[in-house]
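A quick write-up on the structure given underneath.
The values are calculated or read from the model by the stated rules, or taken from the named source; none is laboratory data. Computed from a prediction, not measured in an experiment: that's the story for all the values here. Cβ placement follows ideal geometry from the backbone for every residue including glycine, while neighbour counts extend to all protein chains displayed.
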Amino acid sequence: MKHVRGLRHEPGVREPRELFVEVFEATYVDVVRFAARRIDPGRAEDIAAEAFAVAWRRLDALPLELGQARAWLFGIARKLLLAHHRQANGMLLVQLADEVGVDGHQESVAGIADLAAAWQRLQPVHQESISLTAWDGLTGAEAAAVLGISPVAYRIRLTRARKALRALLDSTPPATLNRRATAREGTQ
Amino acid sequence: MMISTTDLSRLDPARAIPDDLVNEPRARATLAEITSTPPVQDLPTQRRGSRTGLRLAAGIAAASIGALALTQVFSPSSAYASWTAVPRPASAAESARWGSWCQQMHNDATPRGYQVRLVELRGPYAYVVLGGSDGYEATCLITQEKADGNHEAGGFSGPLPQQPTSEGLVTNSVREVNDGGSKSAFEVTGRAGADVAALVFDIDGTEVKATLDNGHFAAWWPAPASLFPKWGPPNPNVTITLTDGTSYTQRIQAFDVSPL
């Protein structure tokens, strides 16, 4: 996970363009990754470009703390993705990698396959809750802001999502390795 | 089975994207293209004046708060133009029609055996709250004018693990719902105590009356049609009038017990 630091604090005032460029440099790959988890990865940079274009047009609303700015950009990207998918219920599926890198141990391959199978059965609302912290690296407050819910709501939502994933894992038959799990021997 | 962050990271579809992607030609071209135009070009005229000569001072919280305020202006005329702050109770026929419509919509997606808890009407819009056997709630926002209804938005929340006090509420707080495009609304649902007679939300100066029906309450209002998310959900004041005629006011998040 990438650690997000605050924007540079310098004496005096800074031009909006300078601030935007700094945010772009620091968050571009994160926004692309955010999109790639929710749409064809080949289109992720299109979504990112659109999100930054939107942010440029509303530069006055750009949070000055980098973590919040990143979450704000994720929120814009999420709305663009919802519009793209025409999701009326406001929830986004979070995809898995086509090929899953694991070590060469059969147990590990099976475990990852089980997790992938459980994830596919997880409700989108739970997928989003988990992915925002596990993959997108947001704090609870930032994830709540992306989803447009209160931090209290997000904490409980995340707890429930983790429980739901564990329950699905517990109810999943032993791995059949039916997913495209690719063992990459000697890489771990 | 334990779930580790490492296991999850192996399933991340974005893990192959390189850290230095921003240095690639496509990213540089994107930045150059975006910043080749003046920023803040689509602000309304009356706000553009305040942007003249804007210079941001890093770390000055007041600037951030001021910017957020611009995005939170309550403007029901911009979307859901015929929305009304005071709901009209649905007739039995309207409740049956839109309740059934919403049940079908949600049960098609996730069969749960939802029962209709509440139906209210605001202008041309029907709003339905369903209760699931698992304690979850599901909602539908519907345009009635279309012959077969038109699903504007909806969502899931809950469960609500606690009962309200006789004079209080339990809720999942305010949540944003949207039509998948540019129209968004905020909704709030939950349970009200036995002594609660009326609920009114203060939405940026507009009094939005909630529907209260058999211990359940609901209200919704248009959100600014914008791609710019504000920081966090609304946390409006709600004035609770009790059956003895007294009332008190609290922030809605004070009653937030279970938000999923």
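Filter region A:42-57 down to the residues that are closer than 19 Å to A:Pro16 by Cα and more than 7 Å from chain B (Cβ to nearest Cβ) and list them by number.
A:Glu50, A:Ala51, A:Ala55
Within region B:8-29, work out how many residues are of a type in the set (Gly, Ala, Ser) and facing chain A (nearest Cβ under 7 Å). I'd like the intermediate steps shown before the answer.
Here is the first cut: in region B:8-29, the ones of a type in the set (Gly, Ala, Ser) are B:9, B:14, B:16, B:27, B:29.
Pick out the ones that are also facing chain A (nearest Cβ under 7 Å) and you get B:14, B:27.
So the count comes out to 2.
Would you confirm whether any residue within region B:143-152 is basic (Lys, Arg), at pLDDT 90 or above and over 17 Å from B:Val177 (Cβ atoms)? Show your work before the answer.
Initial filter on region B:143-152 (basic (Lys, Arg)): B:146.
Checking which are at pLDDT 90 or above leaves us with none.
No; the residues of region B:143-152 include none that is basic (Lys, Arg), at pLDDT 90 or above and over 17 Å from B:Val177 (Cβ atoms).
Check off (1) closer than 23 Å to A:Asp30 by Cβ; (2) modelled with pLDDT of 80 or more; (3) of a type in the set (Gly, Ala, Ser); (4) crowded, with 20+ Cβ neighbours inside 10 Å for A:Gly148 and give me the number that stays unchecked.
(2)
List the number of the failed condition for A:Ile76; all other conditions in (1) surrounded by 19 or more Cβ atoms within 10 Å (Cβ to Cβ); (2) more than 17 Å from A:Gly148 (Cβ to Cβ); (3) modelled with pLDDT of 85 or more hold.
(2) is the only condition that A:Ile76 fails.
Of these, B:Ser166, B:Ser182, which one is at pLDDT 85 or above, surrounded by fewer than 18 Cβ atoms within 10 Å (Cβ to Cβ) and out of contact with any strand residue (DSSP E or B) (no Cβ under 7 Å at 6 or more places or on another chain)?
Residue meeting the stated conditions: B:Ser166.
Of all the residues that make up region B:169-179, how many are under 23 Å from B:Gln103 (Cβ atoms), over 10 Å from the mean Cα position of the chain (by Cα) and modelled with pLDDT of 65 or more?
Qualifying residue count, region B:169-179: 2.
May I ask you to say which residue of B:Ile34, B:Ile3 is at pLDDT 90 or above and of a type outside the set (D, E, K, R)?
Among B:Ile34, B:Ile3, only B:Ile34 is at pLDDT 90 or above and of a type outside the set (D, E, K, R).
Of all residues in region A:116-148, which are among the hydroxyl-bearing types (Ser, Thr, Tyr) and over 19 Å from B:Pro233 (Cβ atoms)?
A:Ser131 - this is the single residue of region A:116-148 that is among the hydroxyl-bearing types (Ser, Thr, Tyr) and over 19 Å from B:Pro233 (Cβ atoms).
Scan region A:108-129 for residues that are modelled with pLDDT under 85 and in contact with a strand residue (DSSP E or B) (Cβ under 7 Å, 6 or more places away or on another chain) and report the count.
The number of residues fulfilling the criteria is 5.
List pairs: first in region A:70-84 and free of Cβ contacts under 8 Å to residues at least 24 places away in the same chain, second hydrophobic (A, V, I, L, M, F, W, C) and surrounded by fewer than 24 Cβ atoms within 10 Å (Cβ to Cβ), Cβ under 6 Å, 6+ apart or cross-chain?
The qualifying pairs are A:Lys79/B:Leu227.
Identify all residues within region A:131-153 that are more than 7 Å from every other protein chain (Cβ to nearest Cβ), closer than 21 Å to A:Leu80 by Cβ and either touching a helix residue (DSSP H, G or I) at 6+ places or on another chain (Cβ under 7 Å) or not in a loop (DSSP other than H, G, I, E, B) (or both); write none if there are none.
A:Ser131, A:Leu132, A:Asp136, A:Leu138, A:Glu142, A:Ala143, A:Val146, A:Leu147
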